[in-house]
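Read the structure below first, then the notes.
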Amino acid sequence: MISSRRTKDILLYKTYAELKAEAQRNFLGFLWWVIEPILFMLVFYFVFGKLLGRRPEAFIPFLLVGLVVWLWGQATIAQGAAAITANRGLLNQAFVPKALFPTVIFLKNTFKFLFALLMLLIFLVAYGFEASLAWLEAVPVLAIGGLFILGSAYLAAALTPFFPDLQVLIDNGLRVLFFISGIFYDIDTLNTSYKAVFQANPAAVLIDSLRAILLTGEHADWWRLSGVLVGALCIGGAGYAIMRVNESRYAKIAY
């Protein structure tokens, strides 16, 4: 068995190695973590702000808050589903807690998300929004969102080696969620009997709360966020438990 201290060292080293390897694949390296979110925002600003026009006031900031948060979760969950099978080469070489693999994916994408978030905040200030201490309320909101994303990655990573087709279902499920999470529209304005279902979507809850804090100066919806937190603990706990119970089985079924 590996001690908790050793596990932490492996986790940090592997996260660093993943980030370094990704950066070395491009000539500009780490600079892409700054350039990419800037280009991303400029593209959407040009398309939705200039080409299409006739958008509601502050639609571009509204859109970008949703997209930046969504991409963090989407990348982590999709990559997390393959986290154990993608490391099949390590499974028979040494014992490593399987939860380490999706955790590395989460840390890597969270690190990149923080760069995108910084660019987003700079964009909001340049757009005319006033930065204030009230924005700090976004920190616990993002912490809850991070727990839900990590928990989802845990469950996906735990089950995908047993059910490989789950990777396809997850990818397609994320595409559906993309359109029902209120990224391009305000769910509160929907005139549909499914409105309550849309509002219960954890991604929508997170995005709505961040928009309230950053764009309108309102407080997050902590009642709905508490539900997301409970869901995160349940999903993450289930995923972690499955990985712990099947630690020795993954090396046999991942091939």
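At 0.36 nm per residue, minus the direct Cα-Cα distance, what do residue 42 and residue 121 gain on full extension? Give it in nm, one decimal, please. Mind dumping the intermediate values first?
Working: separation 79, 0.36 × 79 = 28.44 nm, distance 1.40 nm.
Here the answer is 27.0 nm.
If you filter the stretch 172-225 for chymotrypsin sites (Phe, Trp or Tyr not before Pro), then keep DSSP loop positions with at most 13 other Cβ within 10 Å, what is left? Before the final figure, lay out each step's value.
Working: sites: 178, 179, 184, 185, 194, 198, 222, 223; in loops: 184, 185, 194.
The qualifying sites are 184, 194.
In whole Hz, what ³J(HN,Hα) sequence does the stretch 71-88 give by Karplus (6.51, -1.76, 1.60; θ = phi - 60°), x for Gly and Pro?
In residue order, the calculated couplings are 4, 4, x, 4, 5, 5, 5, 5, 6, x, 4, 9, 4, 6, 5, 5, 10, 4 Hz.
Computed from the coordinates by the stated procedures, all read-outs in this text should not be read as laboratory data. Quick caveat, the model's predicted, so the values are computed rather than measured. Don't worry about glycine lacking a Cβ; one is built from the backbone with ideal geometry, like all the others, and counts go over all protein chains shown.
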